[in-house]
Amino acid sequence: MKKNPFKFGSIVDGHYFTNRSEEIKKVKSILMTDNHLIIISPRRFGKTSLISKVMKETGRPVIFLDLQLITNTEDFASQLLKRVYRVYPFEKIKQIIKSFRIIPSISLNPMNNEVDISFQPVSSDSILIEDVLNLLERVSDKKKKLIVVFDEFQEIKNIKKEIDRQIRSTIQHHQNINYVFLGSQESLMRDIFEKKKSPFYHFGYLLPLDRIPHQEFLAYLAAGLKSAADKPEETAKEILEITKSHPYYTQQLAFNVWELLNNAGKSKNPVEESVDEIIMHHDMDYERLWNTINRTDMKILIGMSLSEFTPLSSEFSKKYFVGASSTIFSSLKRLTQNGLVIKTELGYEIDDPFFKRWVNKRRIR
Ligand SMILES: Nc1ncnc2c1ncn2[C@@H]1O[C@H](COP(=O)(O)OP(=O)(O)OP(=O)(O)O)[C@@H](O)[C@H]1O
Ligand SMILES: [Mg+2]
């Protein structure tokens, strides 16, 4: 049986991963220096996939921590330490832990050969963070520097107040580690790295991740669609027309089109049919989402779903929103913060092309 060549949702690698050659080169060259790296993009543009790919290719030791999963400072410390054990020899770490001011309890889990670590609730967060982070610096070998990746770094403030300050004040002294910070929710990440008052102000090289270039994505899609479509190139073009090369939504639509063509055989309009299918599938989620939005934001979204004008243009306000431009602006800010709208080089856009269609259809039915 033929296998669907598209994948969406989780980290992609191998033949599911396309292009990003420029970004890969850039990331590698920065990590060869003594600098740190920050990658920002809207949700699901491929940050985690990109960094995972580069990490595999560098052959250097890597510690990867997703801050979305961290509940408090003790958890942050123990999860980091647990990952150190995966990379460096037990004995080496043990020696350093002896000098900790707060001693963790460590046991080997015979079920999976992993080390279980826990810290009792501590009175001083900063001592704990300092000890654990400095351990990373001490285990790292200057000739084969450790890379520490903090994914979903915008979550840092939700772990504990002041933890960002404590982390920064320790790691600014580190010379044997390259730190990589990944994050979505663009405005939050920019606040962390670009606001003068923030402890992480200009802490590293900021790399904004864009969509996958049209030509390359087209070639990738057409190659995958060959095993299903009569005119793979044309079908690929239609897909990109709708998804505007958004990595995740493109893969999602391509996956559905391929399924449709393989299971139902001939279809006159496989792309349109797949779009309808996806919209129907998400109808309830979209409905629920819609009901959380205020009236002003609804109006802006409706306008954005019906027109190609940027919402800050006078054409837009004449036709879809009679009101002050400051109202449109604060609405866009809200919509961007909750991820419904993204700001790209093309201006403001509705992030999910299927949600956009859903809004549009609902309006005209
Ligand atoms: N280089 C790529 N080639 C093809 N598809 C890609 C690529 N990068 C990302 N994608 C698509 O986007 C999806 C999301 O990728 P990934 O999880 O790496 O993004 P992310 O930016 O880390 O997302 P999040 O904001 O949820 O953390 C993948 O499952 C895949 O469908
Ligand atoms: Mg990610």
Picked from the stretch 206-232 (must be closer than 14 Å to Asn269 by Cα and not hydrophobic (A, V, I, L, M, F, W, C)), the residue nearest to ligand 2 (Cβ to nearest atom) is Pro232
Within the stretch 98-137, residues of a type in the set (A, V, I, L, M, F, W, C) and surrounded by fewer than 18 Cβ atoms within 10 Å (Cβ to Cβ) come out as Ile102, Ile103, Ile106, Leu108, Met111, Val122, Ile127
### Task
Confirm whether Lys333 is in a helix (DSSP H, G or I), farther than 30 Å from Ala228 by Cβ, more than 25 Å from the chain's Cα centre (by Cα) and not hydrophobic (A, V, I, L, M, F, W, C).
no
Picking from Lys237, Lys244, the residue that is in contact with a strand residue (DSSP E or B) (Cβ under 9 Å, 6 or more places away or on another chain) and either more than 9 Å from ligand 1 (Cβ to nearest atom) or without any contact (Cβ under 8 Å) to a residue 24 or more places away in the chain (or both) would be Lys244
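Residue-wise test of (1) surrounded by 12 or more Cβ atoms within 10 Å (Cβ to Cβ); (2) free of Cβ contacts under 8 Å to residues at least 40 places away in the same chain; (3) in contact with a strand residue (DSSP E or B) (Cβ under 9 Å, 6 or more places away or on another chain); (4) among the acidic types (Asp, Glu).
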| residue | (1), (2), (3), (4) |
| --- | --- |
| Asp285 | no, yes, no, yes |
| Trp290 | yes, no, no, no |
| Arg295 | no, yes, no, no |
| Lys299 | yes, yes, no, no |
| Ile302 | yes, no, no, no |
| Ser305 | yes, no, yes, no |
| Thr310 | yes, yes, yes, no |
| Ser314 | no, yes, no, no |
| Phe321 | yes, yes, no, no |
With criteria (1) in contact with a Leu (Cβ under 7 Å, 6 or more places away or on another chain); (2) more than 16 Å from ligand 2 (Cβ to nearest atom); (3) under 18 Å from Pro208 (Cα atoms), Asn19 comes up short on (1)
Scanning the stretch 141-183 for residues that are within 16 Å of ligand 2 (Cβ to nearest atom) and in a helix (DSSP H, G or I), the one nearest to Thr58 (Cα to Cα) turns out to be Phe153
The residue from Ile96, Ile117 that alone is within 19 Å of Ile171 (Cβ to Cβ) and touching a Leu at 6+ places or on another chain (Cβ under 7 Å) is Ile96
For the stretch 1-16 the number of residues that are within 16 Å of ligand 2 (Cβ to nearest atom), out of contact with any helix residue (DSSP H, G or I) (no Cβ under 6 Å at 6 or more places or on another chain) and among the hydrophobic types (A, V, I, L, M, F, W, C) is 0
In the stretch 21-41, anything farther than 20 Å from Glu152 by Cα and within 13 Å of ligand 1 (Cβ to nearest atom) is listed as Ser21, Glu22
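Residues are listed down the side, and each one gets a yes or a no for (1) among the acidic types (Asp, Glu); (2) farther than 19 Å from Pro42 by Cβ; (3) surrounded by 17 or more Cβ atoms within 10 Å (Cβ to Cβ); (4) in the same structural domain as Asn338 (by TED's automatic domain parsing):
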| residue | (1), (2), (3), (4) |
| --- | --- |
| Glu155 | yes, no, yes, no |
| Lys161 | no, yes, no, no |
| Tyr179 | no, yes, yes, no |
| Gln185 | no, no, yes, no |
| Asp191 | yes, no, no, no |
| Leu218 | no, yes, yes, no |
| Leu221 | no, yes, yes, no |
| Lys226 | no, yes, no, no |
| Asp230 | yes, yes, no, no |
Here the residues within the stretch 66-122 that are within 20 Å of Lys145 (Cα to Cα) and hydroxyl-bearing (Ser, Thr, Tyr) are Tyr85, Tyr88
Condition set touching a Gly at 6+ places or on another chain (Cβ under 7 Å) and more than 11 Å from ligand 2 (Cβ to nearest atom), scope the stretch 30-67, selection nearest to Lys343 (Cα to Cα): answer is Ile40
When the stretch 328-356 is checked residue by residue, the ones that are of a type outside the set (A, V, I, L, M, F, W, C) and closer than 19 Å to Thr292 by Cβ are Ser330, Ser331, Lys333, Arg334, Thr336, Gln337, Asn338, Gly339, Asp351, Asp352, Lys356
Turns out the strands (runs of 3 or more DSSP E) fully within the stretch 20-138 with at least 3 residues that are of a type outside the set (A, V, I, L, M, F, W, C) are 105-109, 114-118
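The values are calculated or read from the model by the stated rules, or taken from the named source; none is laboratory data. It should be emphasised that the depicted structure is a prediction, and the values quoted were computed from it without experimental measurement. In this analysis, Cβ positions are derived from the backbone assuming ideal geometry, glycine residues included, and neighbour counts consider all displayed protein chains.
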